[in-house]
Amino acid sequence: MNFEYSDKTQELITRLEQFMDAHIYPAEAVYHRALKEAEDPWSTPAIMDELKEQARSAGLWNLFLPDEYGPWGAGLTNLEYAPLCEIMGRAPWAAEAFNCSAPDTGNMEVLAKYGSEQQKAQWLQPLLDGEIRSAFAMTEPAVASSDATNIETSIVRDGDDYIVNGRKWYISGAMNSRCKIMIVMGKTDPGAARHLQQSQILVPMDSAGVEVIRPMSVLGYLDQPVGHAELVFDNVRVPAANLILGEGRGFEIAQGRLGPGRIHHCMRLVGCAQRALELACKRVDERIAFGQPLSKNQSVREDIAKSFCDIEQARLLTLKAADKMDRYGNKVARDLIAAIKIVAPNMALQVIDRAIQMHGAGGLSDDFVLAEAFSYARTVRLADGPDQVHMMQLGRNLVKDINAA
């Protein structure tokens, strides 16, 4: 692969970095203060709407959506999008300003690729315009949801409708007051072949029988205003036209959705780690301990050097995976996608942890981005499949491929 970014990508990098400097970083304190002072913790702060309008006017909108999914995005490849996603990831909350935040990105990709014209008009267009938000409801408290075939939520045909029953939790985005639609994974035919039992269906948040039980915390964070909900579906009736693609296609849709989603998380985590390293470098040069700056200590220098190496390795693996996805498709690139999903969150945790240590007690506070970034990195070790599942599948594939050669 070519290690130099194209002129198109480099121009977008420059514009995005300028936007981050001019608008995102100065707004961080305003955004978080608004969340603390809000009467409704799940209401999006007004500053986000201002940033979204500015980003859209600057042509930095829907950058994640490639040409293959339609004319609504920037038409970038995974390799072209990678450095941009990394830059946005430097502030964990910032991607929404560019309409590039999970779970909306994955849901938009699903609707653009698999949705009917009616579904696109009703739900995709408002998502593309940033007018509403969405959730992807798959994980369940009663079963090991990393194996999607375990999902127990039922989707039963009843005339012109489907009836949904089940319980989900850690449904990211579902607490937000702007979340209007969920893509729900459930079983339409428990007697079918193992990977043909599941389907995905669109369920509006205001549907009768949808009950938000509670917001789920993540390492003590409620992640306002997005949140992670525990939900109950109690005889929720939705039109049959809300089924995506067809009965028994849910696992297929999930696999198509999670490939790009996994690597997007990795891109953002490289950005989180890079910013943590830069903050650490500034901190150790400013803080005096035992008569000299922390940067004079050998152990500090070693940790900074290790962090640099770790980030560069993860960045290159991310770019290699993105390049292979572009050239040969997600299925062929599955081993590299699994590898970077294993590597990037663990890398970010180590780099951010070192930066926290160099910041002392302040590193644990919300005065810096580090605690928030650490929570995000730890979450991604489970999101879109835990490390163990990716390692199990990657190891299986390597043994099979090498012995077949």
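The values are calculated or read from the model by the stated rules, or taken from the named source; none is laboratory data. From a predicted model like this one, the values you see are computed outputs, not experimental measurements. No Cβ is skipped: glycine too gets one built from the backbone with ideal geometry, and neighbour counts run over all protein chains shown.
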Q: Would you mind finding the one in Met347, Met391, Met358 that is over 30 Å from Gly256 (Cβ atoms), assigned to a helix (DSSP H, G or I), at pLDDT 95 or above and not polar (S, T, N, Q)?
A: Met358
Q. Hey, any hits in the range 234-246 for a residue that's of a type in the set (Asp, Glu), in the same structural domain as Met358 (by TED's automatic domain parsing), at pLDDT 95 or above and surrounded by fewer than 17 Cβ atoms within 10 Å (Cβ to Cβ)?
A. no
Q: Filter the range 44-66 down to residues that are of a type in the set (Ser, Thr, Tyr) and surrounded by fewer than 19 Cβ atoms within 10 Å (Cβ to Cβ), then give me how many there are.
A: 1
Q. Would it be correct to say that Arg283 is at pLDDT below 95 and surrounded by 14 or more Cβ atoms within 10 Å (Cβ to Cβ)?
A. no
Q | Residue, surrounded by the most Cβ atoms within 10 Å (Cβ to Cβ), within the range 321-338, restricted to residues that are out of contact with any helix residue (DSSP H, G or I) (no Cβ under 6 Å at 6 or more places or on another chain) and part of a helix (DSSP H, G or I) | A | Arg334
Q) Can you name every residue in the range 169-193 that is surrounded by fewer than 19 Cβ atoms within 10 Å (Cβ to Cβ) and not charged (D, E, K, R)? A) Ser177, Pro190, Gly191, Ala192, Ala193
Q.
Can you confirm whether Cys85 is outside any helix (DSSP H, G or I) and buried (at least 24 other Cβ atoms within 10 Å of the Cβ)?
A. no
Q: Could you run through the range 209-244 and say how many residues are over 16 Å from Pro41 (Cα atoms) and in contact with a helix residue (DSSP H, G or I) (Cβ under 8 Å, 6 or more places away or on another chain)?
A: 4
Q: Provide a single number: the residues in the range 165-184 that are more than 18 Å from the chain's Cα centre (by Cα), touching a residue at least 60 places away in the same chain (Cβ under 8 Å) and in a strand (DSSP E or B).
A: 4
Q) Out of Asp367, Asp353, Asp384, which single residue is in contact (Cβ under 8 Å) with a residue 12 or more places away in the chain and not in a helix (DSSP H, G or I)? A) Asp384
Q | Which numbered condition Gly130 misses (of (1) part of a helix (DSSP H, G or I); (2) on the phi > 0 side of the Ramachandran plot; (3) not β-branched (Val, Ile, Thr)) | A | (1)
Q: Considering (1) at pLDDT 95 or above; (2) buried (at least 17 other Cβ atoms within 10 Å of the Cβ); (3) closer than 20 Å to Gly106 by Cβ; (4) touching a strand residue (DSSP E or B) at 6+ places or on another chain (Cβ under 7 Å), say which one Ile253 fails and leave the rest.
A: (1)
Q) Which one of Ser145, Ser134 is within 21 Å of the chain's Cα centre (by Cα), modelled with pLDDT under 95, polar (S, T, N, Q) and under 30 Å from Gly271 (Cβ atoms)? A) Ser145
Q: Test each condition in (1) at pLDDT below 95; (2) assigned to a helix (DSSP H, G or I) for Cys309 and report the one that comes out false.
A: (1)
Q. For Asp206, which of the numbered conditions (1) within 19 Å of Gln119 (Cβ to Cβ); (2) touching a helix residue (DSSP H, G or I) at 6+ places or on another chain (Cβ under 7 Å); (3) outside any strand (DSSP E or B) fails to hold?
A. (2)
